[in-house]
1. Can you name the condition, by its number, that Ser27 falls short on among (1) surrounded by fewer than 16 Cβ atoms within 10 Å (Cβ to Cβ); (2) in a helix (DSSP H, G or I); (3) of a type outside the set (D, E, K, R); (4) at pLDDT 65 or above?
2. Go through (1) of a type outside the set (Gly, Ala, Ser); (2) within 17 Å of Ala109 (Cα to Cα); (3) out of contact with any Gly (no Cβ under 6 Å at 6 or more places or on another chain) and name the single condition Thr76 misses.
3. Which residue is nearest to Phe60 (Cα to Cα), if the candidates are limited to segment 71-109 and must be modelled with pLDDT under 95 and among the aromatic types (Phe, Trp, Tyr)?
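The values are calculated or read from the model by the stated rules, or taken from the named source; none is laboratory data. This one's a predicted model, so the numbers in the text were calculated from it and none came from an experiment. Cβ atoms come from the backbone with ideal geometry, glycine included; neighbour counts cover every protein chain shown.
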Amino acid sequence: MLRRRKRQKLKLVLKLARQAAVRASESATGPGQAPAAEAENAASSDNDGFVFVRRDGTIFFAVAYSWENGALRYVTSQGLRHTVTLDALDLDATRQFNEQRGLTFRLPA
């Protein structure tokens, strides 16, 4: 029962993240001015990457990542590089999200 609730929560968070990506794309070009194909590409570009879940419940996407000195170093679809400490991540939720998306998530060594 608990796993089912957690799975439903993860699906909801992913859906909200997709909606936020579309809204962010629209706000970059102005409301209602983003072509449908562009909004779809913005959402699908996030869908092609890895999902990471922070302990506070926020999520972010990465097209590539590595573990270095107890921290996650990742690259966004825009090519930006960021670092997040290991203790800030919910590794179980992150693993579940990526497995649902058919991606292999590697835990730090």
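1. (4)
2. (2)
3. Selected residue: Phe97.
Table: residues versus (1) outside any strand (DSSP E or B); (2) in contact with a strand residue (DSSP E or B) (Cβ under 6 Å, 6 or more places away or on another chain); (3) acidic (Asp, Glu).
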position: Tyr65; (1), (2), (3): no, yes, no
position: Arg73; (1), (2), (3): no, yes, no
position: Gln78; (1), (2), (3): yes, no, no
position: Asp87; (1), (2), (3): yes, no, yes
position: Asp92; (1), (2), (3): yes, no, yes
position: Phe97; (1), (2), (3): yes, yes, no
